Structure formats: C-alpha cells, structure tokens
Amino acid sequence: MRRKEDFLLLIETLKADWSSCEEMISDNRRAWERVRQGADDPLDWAALGYTIHGFYNALEGYFSRISKFFENNLSRDSWHKDLLDRMTLEIPGVRPALLKTPELVDAIGEVRGFRHVFRRHYGRRLKPEKVSTVQGYLDKVVQHFPEEHRRFIEELRAIAEGLEEQ
C-alpha cells in the first residue's frame, strides 16, 4: 500500500522531470528559430533533431516513472509504444490517466516515431521537410501537455490527501 509520502515524492519528481522537458523545449525553440530565420546547414537540422529527440527522451522518462510507480509491466518487444498507451489508461482505484486528449497522444506518438528514426539515422542527413513536420507535432505537445501534467499532479495530490485521512 502506498503512503501519502510516496505520492508526494512522485509529484515532486514528476515536476522535476517536467522541468527537464522544459529545458529541452527552450533548446528546441532556439534551434527552431535559427532554422526559421534561414539557417539551412545540415548541422542546424541535426541540432533541431537532437532537441526533438532529447525532449521525447525526457518525456518518456516522465512516463516511465509513472509506470514504475504504479507497477505497470511493459512488454520488452514494444515497450516504447506500450508505455505511451498506458499513459492513456485510467486504472480505477489505482491511478488516473495522464493523457486524456487523443490529438495529444497522436502528436506524442509522432515525436516518439521521430526519436526512433533519429537514433538510427547513421550516416545520413536529416530531411528538413520531415524534421519540420515533426516540429509541428512537438509544438502541439508543448502547447497541450502542460495542462495534462497540471491536472495529473492535482489528481495525484488528491489521492495522497485521501491516504492521509485513512
């Protein structure tokens, strides 16, 4: 049985994880602005790709922390996709869903797919049009995820407070 303190620690850790995501967002904004102002060197596109990759890795760490806290087992074969899918599930009596907006889930899925390609894109340059498309998905995530994060933290805090009363 989880204690109030366990939930409070999870809340603070998720807030710190989101701060890491925000740092990557800041780097992403700088890299995207350079490209939008005309920087077209392959290194500029690689830097932008790196920030998208880094943001998703930080976000996936956030998701993983939730999954581990609530002891959700994931398949080794497809755990990246399964992890994202698990964040959409409300488990009655256990935890609320983190992600409730299908469009946000789709956008996160697109960024996840890019992260996979970026990690395995050895010896080839990124295609600017594909990176730009993924940047649009990342912008949607950045626009909508903070509200999901805030709501989830509030729901965890309510669970923690309920434990105190027992």
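What follows is calculated from the coordinates using simple rules that are stated; it is not laboratory data. None of the values given here were measured: they were computed from a predicted structure. When we count neighbours, we look across all protein chains shown, and the Cβ atoms used for this are built from the backbone with ideal geometry, even at glycine.
So here's what we get for this one:
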read-out	value
Between 0 and 90°, nearest 10: helix 42-69 axis offset from the chain longest Cα axis	10
Linear extension gain, K4 paired with E33, 0.36 nm per residue minus alpha-carbon span	6.1 nm
Gain in span if fully extended, E103 to S26, counting 0.36 nm per residue against the direct Cα distance	25.4 nm
Mean Cβ count within 10 Å, highest first, over the residues of peptides 36-47, 143-154	143-154, 36-47
Cα centroid separation - region 85-138 against region 1-75, whole Å	11
Principal-axis tilt of helix 4-36 within the chain, Cα atoms, nearest 10 degrees	10
Under 18 Å from the Cα of K140 - lysines, other chains or at least 8 residues apart	K100, K130
